[in-house]
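First up is the structure itself, then whatever we jot down about it.
The values are calculated or read from the model by the stated rules, or taken from the named source; none is laboratory data. Remember, it's a predicted structure, so these values are computed and weren't measured experimentally. Here the Cβ is made from the backbone with ideal geometry for all residues, glycine too, and neighbour counts use every protein chain on show.
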Amino acid sequence: MFIVNGKNYHAVDIERVIKETGLFDGQCCAVFSEQIDNEQHIIAVQEVSGYGDSHDWQQLAAQLSEQVAADKQLRLSEVVFVPQNQIPLTGSKKIRRHHCRAQWQSGQLMVLFSVKLNLSPSIPASQAVVTMSDDPLVAAIQAEINVDCSEFDKGKSFVQLGADSIALIRIARNVSQVQQVPCQLADLITHNTLPKLRRWLEGLQPMVQDRDNQFASDYQNEDVIELLEQHLGRKSNPSELLLTLQGVLS
């Protein structure tokens, strides 16, 4: 049970409303609350079968939110779509909401798409002003998730900030380009907040310097460098040239 604006709500009742929409063929749903900036936000995690299919995630989330609002006079803050069998259950098939919430908080859920319906209970996401960061690393993340740069200072995981699996793959690509180091999806799952990611990248700097020095000594052939820069379409530094060479040879 959770309390919003002085009223008691039971997760099972909201889950029933979502199930009765018939949008997900009876797939499992878990609802829980999260306190953000001293306000209760309602999160719905919905399993989706056939997740390789194309879905209008925004429209599905809006339909769920409208139905819950009409039935319970309560607005969902976020709808998180996950593959089938991602929501943890007990041996008797009851939903383990606290465990699901913990997985969502830590970024351990395999998220297909996350739709933030309200950045706060009173401000629709469509009306929110997003401040972009001058920090190249933050900007690389913001390029894939529309979130204010101030949100990164609150220790939220990238999933909590709205990144699904596709966005995380794109963020990893952006980070690789900006930081000139190989960054994979698995790295973002392990280092799932901005402070963790920044510390990990800082730890790689000695390795990057050694790699650049090695590149400088091994690849002094001007013809090779010229070909790589032609491939990139511009002059570049040793780190980017090495990443380009690795991509050409792989």
Inset, instruction - Give region 1-36 a look and list any residue that's of a type in the set (Gly, Ala, Ser) and either assigned to a helix (DSSP H, G or I) or closer than 11 Å to Leu64 by Cβ (or both), or say none. - result: Ala11
Legend entry - Cross-chain or 6+ apart pairs with Cβ under 6 Å, region 156-184 first and in contact (Cβ under 8 Å) with a residue 40 or more places away in the chain, then surrounded by 20 or more Cβ atoms within 10 Å (Cβ to Cβ) and part of a helix (DSSP H, G or I): Val178/Ala140
Inset, instruction - Please indicate, with yes or no, whether at least one residue in region 25-46 is crowded, with 18+ Cβ neighbours inside 10 Å and acidic (Asp, Glu). - result: no
Inset, instruction - Starting from region 1-21, take each residue that is more than 13 Å from Val45 (Cα to Cα) and modelled with pLDDT under 75 and list its partners that are β-branched (Val, Ile, Thr) and surrounded by 13 or more Cβ atoms within 10 Å (Cβ to Cβ), counting only C-beta distances under 8 angstrom and pairs at least six apart or across chains. - result: Val4/Ile42
Inset, instruction - Among the residues of region 48-78, write down those that are crowded, with 20+ Cβ neighbours inside 10 Å and in contact with a Pro (Cβ under 8 Å, 6 or more places away or on another chain). - result: Val48, Ser77
Legend entry - For Ile3: the one exception among (1) more than 23 Å from Asp164 (Cβ to Cβ); (2) in contact with a Gly (Cβ under 8 Å, 6 or more places away or on another chain): (2)
Inset, instruction - With respect to Val82, determine if the residue is among the hydrophobic types (A, V, I, L, M, F, W, C), modelled with pLDDT of 85 or more and within 19 Å of the chain's Cα centre (by Cα). - result: yes
Inset, instruction - Look at region 150-199 and say how many of its residues are under 17 Å from Glu34 (Cβ atoms), aliphatic (A, V, I, L, M) and either outside the structural domain of Asp134 (by TED's automatic domain parsing) or surrounded by fewer than 18 Cβ atoms within 10 Å (Cβ to Cβ) (or both). - result: 0
Inset, instruction - Could you list all residues from region 126-164 that are modelled with pLDDT of 80 or more and either outside any loop (DSSP other than H, G, I, E, B) or farther than 19 Å from Val80 by Cα (or both)? - result: Asp135, Pro136, Leu137, Val138, Ala139, Ala140, Ile141, Gln142
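Answer yes or no: is there a residue in region 94-110 that is more than 18 Å from the chain's Cα centre (by Cα), of a type in the set (Gly, Ala, Ser) and at pLDDT below 90. Talk me through it step by step, then tell me what you get.
Step one: of region 94-110, the residues more than 18 Å from the chain's Cα centre (by Cα) are 94-99.
Still in the list and also of a type in the set (Gly, Ala, Ser): none.
No, there is no match, as no residue in region 94-110 is more than 18 Å from the chain's Cα centre (by Cα), of a type in the set (Gly, Ala, Ser) and at pLDDT below 90.
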